[in-house]
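Working notes, structure below.
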Amino acid sequence: MDANKDQAEYWASPAGLKWLEHEHALDAAMAGMSNLMLDTADILSADRIIDIGCGTGASTLESARRVPEGVGLGVDISKPLLARAVNRAKEEGIQNASFLLADAQTYDFSRQPFDLLVSRLGMSFFSDTMAALMNLSDALTGRGRMVFVCWASVTKNPWFSVPARVAEERLGKLPSGNPSAPGPTAFQDCARVADLMAQAGLSNIEARPVEIELTPPGGVAGAARAASKVGPAARIMKGFKGTEADELAIEEAVRSAFENFEEGGVVRVPAVVNLFTCSR
Ligand SMILES: C[S@@+](CC[C@H](N)C(=O)[O-])C[C@H]1O[C@@H](n2cnc3c(N)ncnc32)[C@H](O)[C@@H]1O
């Protein structure tokens, strides 16, 4: 896992483990994203599906449910997140799902190729995206295809832009980095990624933004908690060594801003993701 050692470390660190802590809220918020991806994939009941960067396994388990005669394999570089995914499969009694601890950029998947590769927000963290796409192309059968979703830019996503704005107002701005560097929004430029996919030898490439809604549970307070604890506000808190008072103030300001998205106790945060599809 040397090629992505920093990612393996990050996703096992307290910051990465926030995905474990807020699993329920994040999975509920992103249910529409999973459905968009899996509904787009035209899944057949015997398909063998590989889910890249599966985290605690929500999309792997949903994939496995959709292929009663096939299998779902979740791959992730984080040992603790993957351990949770294994437990979830046991808890939910899903027997055709399994999990593999591996760096998807370099692991040799070619011995048991898959019909479909999916990924919910797990493809934009590779140190070498082109190498990863070429490697993952070899994980597919001759008729194999890929369908994955990644975040569009922060500016199109209040889930990120609101917590970022309020945290910056309170604590300050972190230096801005390269927008294509490995991270949650590295695939914000559809044309750039589509070009890399073509260079990696993939075909029938489509890359387009799709408007969805995030549906976090727990009303405005629940939405504000999840959006403040994971993502840009959490990064700014860490960068400026924010205090508990800062954390509370940021969450309260996010709660207030998110009231715009609440109706009848239900929060729907407008969002834009980029949907990528291709075949081998
Ligand atoms: C934003 S999280 C998404 C998790 C999950 N797909 C979800 O939607 O809940 C990104 C995931 O990608 C995984 N990841 C990052 N780099 C990876 C790599 N090189 N190989 C496999 N997994 C990787 C991380 O460990 C993390 O679980």
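First check a/c for the stretch 11-135, with a ≥ b ≥ c the square roots of the eigenvalues of its C-alpha gyration tensor; if it is under 1.5, answer rounded, and if not, answer prolate when a/b is larger than b/c or oblate otherwise.
Values: a/c = 1.42, a/b = 1.06, b/c = 1.34.
Rounded, since a/c falls under 1.5.
Which one, A152, L117, A104, is farthest towards the positive end of the dipole of the stretch 95-157 when Lys and Arg carry +1 and Asp and Glu -1 on their Cβ?
So the residue we want is A152.
Counting Lys and Arg as +1 and Asp and Glu as -1, what is the net charge of the other residues whose Cβ lies under 14 Å from the Cβ of V193? Write out the running numbers ahead of the final one.
Working: positive: R192, R208; negative: D128, D189, D195, E206.
Counting the neighbours of V193, the net charge comes to -2.
Expressed as a rounded percentage, what relative contact order does the stretch 1-74 have, with Cα pairs under 8 Å and six or more residues apart? Intermediate values should be presented prior to the final figure.
Values: 60 pairs, mean separation 19.6, N = 74.
Computed over the stretch 1-74, the figure is 26 percent.
Report, by chain and number, residues whose modeled amide H sits under 5 Å from the one on V71, excluding near sequence neighbours (fewer than 5 apart, same chain).
For V71, whose amide H was placed from the backbone, the distant partners under 5 Å are R48, I49.
Under the 0.36 nm per residue contour assumption, what length would be gained going from the current alpha-carbon distance of Q199 and S176 to full extension?
Working: separation 23, 0.36 × 23 = 8.28 nm, distance 2.81 nm.
Net length gain for the segment: 5.5 nm.
Modelling each spin label as a point 7 Å along the Cα-to-Cβ direction, I'd like the A191/S279 distance in nm, to one decimal.
About 2.7 nm separates the two model spin labels.
Calculate for the chain the 222 nm mean residue ellipticity that helices alone would give, adding -39,500 (n - 2.57) per DSSP H run of length 4 or more and normalising by residue count, nearest 500 deg cm²/dmol. Let's see the in-between values first.
Values: 12 runs with 116 residues, N = 280.
Taking each H run of at least 4 residues, the total per residue is -12000 deg cm²/dmol.
Just how far, in whole angstrom, is the stretch 37-113 from the stretch 163-241 if you go by their alpha carbon centroids?
For the stretch 163-241 versus the stretch 37-113, the Cα centre distance is 23 Å.
Dipole size in debye (nearest 20) for the stretch 1-156 around its Cα centre, Lys and Arg Cβ +1, Asp and Glu Cβ -1? List each step's numbers first, then the result.
Values: 14 positive and 20 negative charges, 29 e Å.
With Lys and Arg at +1 and Asp and Glu at -1, about 140 debye.
Which residue, N96, N260, N135, has the most motion in a Gaussian network model of the chain that connects Cα atoms within less than 10 Å?
N260
Please list, by residue number, every one of the GluC sites (Glu not before Pro) in the stretch 16-71 that is coil in DSSP and has at most 16 other beta-carbon atoms within 10 Å.
Numbers: sites: E21, E23, E62, E69; in loops: E69.
The qualifying sites are E69.
Would you mind classifying the stretch 73-206 by shape? Square roots of the alpha carbon gyration tensor eigenvalues, ordered a ≥ b ≥ c; an a/c under 1.5 is rounded, otherwise it is prolate if a/b is larger than b/c and oblate if not.
Since a/c reaches 1.5 but b/c is at least a/b, the shape of the stretch 73-206 is classed as oblate.
Using the basic label-point model (7 angstrom from Cα toward the beta carbon), what is the E169 to V272 distance in nanometres?
2.3 nm
Quick one: which residues, 5 or more positions from I212 or on another chain, have an amide H under 5 Å from its amide H? H modelled 1.01 Å from N in the peptide plane, none for Pro or chain starts.
Here A271, V272, V273 satisfy the definition.
Tally Lys and Arg at +1 and Asp and Glu at -1 over the other residues with C-beta under 10 Å from the C-beta of S59: what net charge comes out?
On the way: positive: R120; negative: D27, D51, E62.
Neighbourhood net charge equals -2.
For each pair in K5/K173; K173/K229; K156/K229, compute the distance between the two Cα atoms and list the pairs where it is over 25 Å.
K5/K173
So how many Å³ per residue does the convex hull of the Cα atoms of the chain work out to? Mind dumping the intermediate values first?
Details: hull volume 34.1 nm³, N = 280.
Enclosed volume per residue, from the Cα hull, is 122 Å³.
Using a simple spin-label model with points 7 Å from Cα along the Cα→Cβ vector, what separation in nm is obtained for D39 and E211?
It is 1.5 nm.
Which value, in debye to the nearest 20, gives the size of the charge dipole of the stretch 106-262 about its Cα centre, when Lys and Arg are +1 and Asp and Glu are -1 at the Cβ?
Computed charge dipole of the stretch 106-262: roughly 200 debye.
Measure nothing fancy, just the Cα-based angle from helix 79-91's long axis to the longest principal axis of the chain, in degrees from 0 to 90, nearest 10.
With rounding to tens, the tilt is 70 degrees.
No value in this document is a laboratory result; all are computed from the given coordinates. Remember, predicted model here, so these are calculated numbers, not experimental data. Glycine gets a Cβ as well: all are built from the backbone with ideal geometry, and neighbour counts include every protein chain shown.
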